[in-house]
Amino acid sequence: MNDIATLNDIHRLVDAFYAKVRIDPTIGSFFNERLEGKWDAHHKKLYRFWHTVLLRRPDYFGNPVPMHFNMHIKQEHFNHWLEVWCTTVDELFAGTVAERAKFRGKTMAKAFYAKIKRADEKSGKLRVESEK
């Protein structure tokens, strides 16, 4: 199995990941509601984002966090997103960059959730986590 090395590899990873996400019972609805009719544009943006993050090519400029505000995403959703992401990486690739993809997915999920929670708290919409 090869490592992630090219933009075509990024396309393969993003496409495979979102094919799973679209039908996922836990997180699919978040994406499908926001991206109906916009999946192609989303993929193009994510190709550039992960190209920048994983292959260190300055191809993405922007702030991806705010588009995730007001989606009622909980920690368990980010945990599941990460599980699907890491599984997809492992199914397709092996190597240093593949490991970076999983590590960066983990750090991004944690950072995104913290920023979303902080924004909710500032706006007075304190997130109520589900009871355990």
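Pairs linking a residue in the stretch 1-29 that is in contact (Cβ under 8 Å) with a residue 60 or more places away in the chain and of a type outside the set (Val, Ile, Thr) to a residue that is crowded, with 16+ Cβ neighbours inside 10 Å and part of a loop (DSSP other than H, G, I, E, B), with Cβ atoms under 6 Å and 6 or more positions apart or on different chains, are Asp3/Phe93.
Can you pull out every residue in the stretch 73-86 that is in contact (Cβ under 8 Å) with a residue 12 or more places away in the chain and either touching a Cys at 6+ places or on another chain (Cβ under 8 Å) or over 12 Å from Thr107 (Cα atoms) (or both)? Across the stretch 73-86, the qualifying residues are Ile73, Lys74, Gln75, Glu76, His77, His80, Trp81, Val84, Trp85, Cys86. Does any residue of the stretch 102-112 turn out to be more than 25 Å from Asp3 (Cβ to Cβ), small (Gly, Ala, Ser) and assigned to a helix (DSSP H, G or I)? No, the conditions are met nowhere in the stretch 102-112.
Taken over the stretch 72-98, the residue count meeting the criterion of being among the charged types (D, E, K, R) and either buried (at least 16 other Cβ atoms within 10 Å of the Cβ) or at pLDDT below 85 (or both) is 1.
Given the criteria within 16 Å of Gly105 (Cα to Cα) and among the small types (Gly, Ala, Ser), does Ala41 qualify? No. Within the stretch 25-35, being touching a His at 6+ places or on another chain (Cβ under 8 Å) and surrounded by fewer than 16 Cβ atoms within 10 Å (Cβ to Cβ) holds for one residue alone: Thr26.
The values are calculated or read from the model by the stated rules, or taken from the named source; none is laboratory data. From a predicted model like this one, the values you see are computed outputs, not experimental measurements. Positions of Cβ are generated from backbone atoms using ideal geometry, with glycine treated the same way; all protein chains shown enter the neighbour counts.
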